[in-house]
Amino acid sequence: MTDSKKKIDFSRMADRWPSEILFRNKVGEFTGGMVSGRTMANLDSGGEGIEDRFYVGNKTGYFVESFIKWLEKRATHHYQSPKISNQ
């Protein structure tokens, strides 16, 4: 039984987003609830978020392309082969 990992392509999220910019308060909407803005705030403050974030007033923004690359680095698809019985 082996585990295989493959990269997940999230580029379709970017294709459906109307802008090249994603503000933190819209991260949940962008990811379909997979990641929240609060999670991003925690990751950013812990140094695990997106490095090239920017600020407009009191809002934190990300470039969609950078967000997608960051998300793809963090996500992997784990597929475990089904067990085959020898009966």
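FYI, it's all coordinate maths here, none of it is from the lab. None of these values were measured; they are calculated from a predicted model. Every residue, glycine as well, gets a Cβ built from its backbone with ideal geometry; the counts of neighbours run over all protein chains shown.
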Item to check | Label point at residue 74 placed 7 Å out along Cα→Cβ; residues across region 36-64 whose backbone nitrogen lies under 16 Å | outcome: 36-54, 60-64
Checklist outcome for this item: So, relative contact order of region 3-80 in percent, Cα under 8 Å, 6 or more apart, is 47 percent
Checklist outcome for this item: Which residues qualify? For residue 23, with a placed amide H closer than 5 Å and at least 5 residues away or on another chain, they are 62
Checklist outcome for this item: Scattering profile of region 3-80 from the Debye formula, Cα beads only, expressed as log10 I(q)/I(0) at q = 0.27 Å⁻¹, is -1.44
